[in-house]
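Peer 1: Handing you a structure now.
The values are calculated or read from the model by the stated rules, or taken from the named source; none is laboratory data. All figures in this text were calculated on a predicted structure; none of them were measured in a lab. Using ideal geometry, Cβ is built from the backbone for each residue, glycine included, and neighbour counts are taken over all protein chains shown. Just the protein is used for accessible areas: all its heavy atoms, side chains included, with ligands, DNA and RNA removed. Shrake-Rupley method; radii C 1.70, N 1.55, O 1.52, S 1.80 Å.
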Amino acid sequence: MAYSKTFLEQVETAMKQSFSGWNFEQLRGRVKEEELDWSYRDWVKESLKQRTVLDMGTGGGEFLSSCAPFQGKVYATEGYEPNVEIAQKALAPFGVCVRYIEDDDYLPFSDGAFDSIINRHESYSERELARILKPGGTFITQQVGGDDCKEINDALSLPLNTEFADWKLEVAVDRLVAHGFSIEAKTKAFPKQRFFDIGALIYYLRAIPWQAPGFSVERHMPQLDHIAQEIKKNGYFETTQHRFILKARK
């Protein structure tokens, strides 16, 4: 099958671009997301003022460092090993201790260690949350739901990731309540996301491989070319994000 020169150039460029931390600077101006009905920063700002705080899944420490300085002692976890050193360098000036974790069910903290825990797009164990939070402590999490950007999977003829397919606000609420939490606030949203070139979509999929397990540029060139043609025709390829946020108290 013959592909256009522009298409092949965009694919080649995307394959050469590296991804580190949780930095999507490469996609600035190439991907546009509708704003959520809420601000994660506003939801967690009071939590960050507590005496002991944990940021779960800090990535490269980008968000947490933007919230410094802190009033209490702050810890962070990260499960993607290449990000740990990046986060440590970014957060060390603010006294944040970064811990690498491999298993959500076993966190390296003592019982009742934290007054508050924040979590943006990171997996977690309800049992461990209940263990490491002090009585009355709060947990705030913004999550990516199982239907996130399903149009990508449809266009690539790939199923949704079965590990997350059923993940939604109602499930998260039920599991937390079952572990002794009360829910103080919750909401969900389905904002639109648009990709303006095929290279941006490829970069996105390489950075977030769990979106479409089994995807490879080589195997999915025909589908990628079809998406590129849609972008050429409409100016963008549109997907629907799935987000929810909640605040729970132990």
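Peer 1: Would you kindly state how much longer the chain becomes between Thr240 and Ser18 on full extension, computed as 0.36 nm times their sequence separation minus their alpha carbon distance, in nm to one decimal?
Peer 2: Gain on stretching Thr240 to Ser18: 77.4 nm.
Peer 1: So which GluC sites (Glu not before Pro) in the range 64-136 pass both tests, a DSSP loop state and at most 16 other Cβ atoms within 10 Å of the Cβ?
Peer 2: Values: sites: Glu78, Glu85, Glu102, Glu122, Glu126, Glu128; in loops: Glu102, Glu122.
Sparse-neighbourhood loop GluC sites (Glu not before Pro): Glu102.
Peer 1: Also, quick follow-up: Got the relative contact order for the range 82-148 handy, in percent, Cα pairs under 8 Å and 6 or more residues apart?
Peer 2: Details: 70 pairs, mean separation 19.0, N = 67.
Across the range 82-148, relative contact order equals 28 percent.
Peer 1: Follow-up question, since we're still on this one. Working with all protein chains in place, sort Met1, Met15, Met56 by solvent-accessible area computed with a 1.4 Å probe, largest first. Show your work: numbers first, answer last.
Peer 2: Values: Met1 160, Met15 75, Met56 5 Å².
Ranked from most to least accessible, the order is Met1, Met15, Met56.
Peer 1: Relative contact order for the chain: what percent, with Cα pairs under 8 Å and sequence separation of 6 or more?
Peer 2: Values: 447 pairs, mean separation 57.2, N = 250.
Relative CO of the chain lands at 23 percent.
Peer 1: How large is the dipole of the range 43-176 about the Cα centre if only Lys and Arg carry +1 and Asp and Glu carry -1, each at its Cβ, rounded to the nearest 20 debye?
Peer 2: Working: 13 positive and 23 negative charges, 169 e Å.
So the magnitude is around 800 debye.
Peer 1: What per residue convex hull volume, in Å³, do the alpha-carbon atoms of the range 15-125 yield? Before the final figure, lay out the partial values.
Peer 2: Working: hull volume 14.1 nm³, N = 111.
In the range 15-125, the Cα convex hull volume per residue is 127 Å³.
Peer 1: Sticking with this one: Return the single residue from Lys188, Lys16, Lys134 with maximal mean-square fluctuation; model: Gaussian network over the chain, springs between Cα atoms under 10 Å.
Peer 2: Maximum among the listed residues: Lys16.
Peer 1: Taking the Cα of Ser182, stepping 7 Å toward and past its beta carbon, and measuring to each backbone N in the range 216-250: which are under 18 Å?
Peer 2: 246-250
Peer 1: Towards the positive end of the charge dipole of the range 151-250, with charges on Cβ (+1 Lys, Arg; -1 Asp, Glu), say which of Phe190, Ala207, Ala178 has the farthest Cα.
Peer 2: Value computed over the given set: Ala178.
Peer 1: So what are the ³J(HN,Hα) numbers for the range 143-150, from phi and the Karplus equation (6.51, -1.76, 1.60; θ = phi - 60°), rounded to whole Hz, Gly and Pro as x?
Peer 2: For the range 143-150, the Karplus-derived couplings read 10, 9, x, x, 8, 4, 6, 5 Hz, x marking Gly and Pro.
Peer 1: Charges on Cβ only, +1 for Lys and Arg, -1 for Asp and Glu, centred on the Cα centroid of the chain; of Phe94, Gln241, Pro135, which one is farthest towards the dipole's positive end?
Peer 2: Phe94
Peer 1: Could you name the lysines whose alpha carbon sits less than 16 Å from that of Lys232, not counting residues in the same chain fewer than 8 places away?
Peer 2: Once the sequence-local lysines are set aside, what remains near Lys232 is Lys5.
Peer 1: Give me the lysines in straight-line cross-link reach of Lys89: C-alpha distance below 27 Å, same-chain residues under 8 apart excluded.
Peer 2: Lys16, Lys45, Lys49, Lys73
Peer 1: Cα-Cα pairs above 26 Å in the chain: how many percent? All intermediate terms of the calculation are to be shown ahead of the outcome.
Peer 2: Numbers: 13764 of 31125 pairs.
Cα-Cα pairs of the chain separated by over 26 Å account for 44 percent.
Peer 1: Hey, another quick one. Within the range 203-250, which GluC sites (Glu not before Pro) sit in a loop by DSSP and count at most 15 neighbouring Cβ atoms inside 10 Å?
Peer 2: Details: sites: Glu218, Glu230, Glu238; in loops: Glu218.
In loop regions of the range 203-250 (DSSP not H, G, I, E or B), the sparsely surrounded GluC sites (Glu not before Pro) are Glu218.
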